[in-house]
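The values are calculated or read from the model by the stated rules, or taken from the named source; none is laboratory data. Computed from a predicted model, the values in this text were never measured in an experiment. So basically every Cβ, Gly included, is an ideal-geometry build from the backbone, and we count neighbours across all protein chains shown. For accessibility, only protein heavy atoms count, side chains too; no ligands or nucleic acids. Shrake-Rupley method; radii C 1.70, N 1.55, O 1.52, S 1.80 Å.
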Amino acid sequence: MPPMPANRGPQGPSVTDKLKMGAMMGGTVGVIIGFIFGTVNIFRYGAGTNGIMRTLGQYMAGSGATFGFFMGIGSVIRTDASPIAVEAFARAQRRPIIMAAHQAYRPREK
């Protein structure tokens, strides 16, 4: 294993790691939602010619793949920031500079 560079600090996950993590989370949620939705539909309308397990598996796989895909893409889009956006965010978060108010102009009384 090569040694770590001396001048680099700790780094966060890469874009592909974030894509995989988002896809795994979305796939898990999608499979659970597909299980619930598929079970309700099988109870309401029956399993059809494919049988219970195949129909339920199709619901789970379709929902998991779809939601996982979009969650993976969304997590990459969310974490991909341009330097302009980072600078604008930093400017918006800094403390405001409060200047002393000038005294109002009043003409001298004679």
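Scanning region 47-79 for residues that are touching a helix residue (DSSP H, G or I) at 6+ places or on another chain (Cβ under 9 Å), open to solvent by 90 Å² or more (accessible area, probe 1.4 Å), under 17 Å from Met25 (Cα atoms) and not charged (D, E, K, R) yields Phe67, Phe69, Phe70.
Within region 50-87, track down each residue that is under 25 Å from Ile36 (Cα atoms) and under 17 Å from the mean Cα position of the chain (by Cα).
Going residue by residue through region 50-87, those that are under 25 Å from Ile36 (Cα atoms) are 50-75.
Those that are under 25 Å from Ile36 (Cα atoms) and under 17 Å from the mean Cα position of the chain (by Cα): Gly64, Ala65, Thr66, Phe67, Gly68, Phe69, Phe70, Met71, Gly72, Ile73, Gly74, Ser75.
Do you know which residues across region 10-35 are loosely packed, with under 13 Cβ neighbours inside 10 Å and β-branched (Val, Ile, Thr)?
So in region 10-35, the residues loosely packed, with under 13 Cβ neighbours inside 10 Å come out as 10-17.
The answer is Val15, Thr16.
When only residues in region 3-44 that are part of a helix (DSSP H, G or I) and over 21 Å from Thr66 (Cβ atoms) count, which is modelled with the lowest pLDDT? Checked region 3-44; the qualifying residue modelled with the lowest pLDDT is Val15.
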